[in-house]
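Trainee: Before anything else, here's the structure in question.
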């Protein structure tokens, strides 16, 4: 399939999803069959291992989630009568998360400092508050001991954990039925199966995961999600690896074009291929001058690029440029 660009996720296009033609320009109030399937698969492949069953009564059959509109995953009804989708709740619910050894050391020092100030200070606290500070120190000590010599905490199933971290605060997943790569610090509620790989969200982890997705996508169908702050978001399934949907980012990556651009950049012989992208943008903006023309001549004197290759390169700031930059630096 010949492809030349990236389309916004809500641009006008149609594709086949389980024998159903879905027009992606439907109003946001409608729930397409593709999104229903995508949300269901995201729950089955990933979210079920992080979900805590709400202490609510089941919603009536045929009900839809009041937030995302889905009726394809388990629903419960709150005391106010609001339908709650377990998949959506798993994304937005805050729970315990793993921390680095540096953060664990900081927490222990802070807990000790608070306790010392309380003991040596003139203000006297009640027995309960003093005991709470002592328990905070002990908990921080246990947490640091559990890390040992590792760079961060181990994965530990926590069935009913509470904390301050949610998926909607910046996590990434690529999931298929037999392969899951999840960038997150959140602790699961159950033991994870062997095919679920969890990557700690160190600096650059999501960029590397996104680059790996384009370079070596799993066998379709699969789902890619860059979780966002919004409480509700579309979940579409990638059914053709030449057209990769990244939910949350709102783009469809035309993989053959990206891979061709990557090949062109690598064969150009330029030490910093990103400079080629900037040169292309300056020329497209009508900039001139002898210095710019000299840069332009050097690109083709190296013999690595043709004019067609050069014109194919995306402008800086575009989604294509961002993906290429991530893949070049991966």
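Trainee: Among the residues of the range 177-188, what is the count of those that are over 20 Å from residue 205 (Cβ atoms) and buried (at least 20 other Cβ atoms within 10 Å of the Cβ)? Before you say what the answer is, go through the steps one by one.
Mentor: In the first step, residues of the range 177-188 are kept if they are over 20 Å from residue 205 (Cβ atoms); the result is 177-178.
Pick out the ones that are also buried (at least 20 other Cβ atoms within 10 Å of the Cβ) and you get none.
Adding up the residues that qualify gives 0.
Trainee: Is it the case that some residue within the range 307-314 is under 20 Å from residue 255 (Cα atoms), without any contact (Cβ under 8 Å) to a residue 12 or more places away in the chain and loosely packed, with under 15 Cβ neighbours inside 10 Å?
Mentor: Here is the first cut: in the range 307-314, the ones under 20 Å from residue 255 (Cα atoms) are 308-314.
Now drop any that are not without any contact (Cβ under 8 Å) to a residue 12 or more places away in the chain, which leaves 308.
Next, only the ones that are loosely packed, with under 15 Cβ neighbours inside 10 Å stay: 308.
Yes; the residues of the range 307-314 include at least one that is under 20 Å from residue 255 (Cα atoms), without any contact (Cβ under 8 Å) to a residue 12 or more places away in the chain and loosely packed, with under 15 Cβ neighbours inside 10 Å.
Trainee: Now, a different point. Looking only at the range 227-246, filter to residues that are closer than 15 Å to residue 180 by Cβ and modelled with pLDDT of 90 or more; which one of those is surrounded by the fewest Cβ atoms within 10 Å (Cβ to Cβ)?
Mentor: Among those that are closer than 15 Å to residue 180 by Cβ and modelled with pLDDT of 90 or more, it is 237.
Trainee: Among the strands (runs of 3 or more DSSP E) lying completely within the range 171-272, list those that include at least 1 residues that are farther than 22 Å from residue 314 by Cα and more than 12 Å from the chain's Cα centre (by Cα).
Mentor: Details: elements: 172-175, 180-183, 196-199, 223-226, 243-246, 251-254.
Filter on the range 171-272 gives 180-183, 196-199.
Trainee: Which is within 16 Å of residue 328 (Cβ to Cβ) and modelled with pLDDT under 75, of 312, 278?
Mentor: Working: 312 fails: modelled with pLDDT under 75.
Going through 312, 278 in turn, just one is within 16 Å of residue 328 (Cβ to Cβ) and modelled with pLDDT under 75: 278.
Trainee: Taking the options 22, 73, name whichever one is assigned to a strand (DSSP E or B) and either farther than 30 Å from residue 308 by Cβ or modelled with pLDDT of 70 or more (or both).
Mentor: Numbers: 73 fails: assigned to a strand (DSSP E or B).
The unique qualifying residue is 22.
Trainee: Filter the range 156-168 down to the residues that are surrounded by fewer than 17 Cβ atoms within 10 Å (Cβ to Cβ) and either farther than 20 Å from residue 202 by Cβ or out of contact with any helix residue (DSSP H, G or I) (no Cβ under 9 Å at 6 or more places or on another chain) (or both) and list them by number. Walk me through it before giving the result.
Mentor: First, pick out the residues of the range 156-168 that are surrounded by fewer than 17 Cβ atoms within 10 Å (Cβ to Cβ): 156-157, 159-160, 162-164.
Correct list: 157, 159, 160, 162, 163, 164.
Trainee: Quick check: is even one residue across the range 129-150 surrounded by 13 or more Cβ atoms within 10 Å (Cβ to Cβ), on the phi > 0 side of the Ramachandran plot and assigned to a loop (DSSP other than H, G, I, E, B)?
Mentor: no
Trainee: How about the range 33-51: which of its residues are surrounded by fewer than 17 Cβ atoms within 10 Å (Cβ to Cβ) and either at pLDDT 75 or above or in a loop (DSSP other than H, G, I, E, B) (or both)? Lay out the reasoning, then the answer.
Mentor: As a first pass, look at the range 33-51 and keep what is surrounded by fewer than 17 Cβ atoms within 10 Å (Cβ to Cβ): 33, 44.
44, the sole residue that qualifies.
The values are calculated or read from the model by the stated rules, or taken from the named source; none is laboratory data. Bear in mind the structure is a predicted one, so any value in this text is a computation, not a measurement. As a convention, Cβ positions derive from the backbone with ideal geometry for all residues, glycine included, and neighbour counts pool all protein chains shown.
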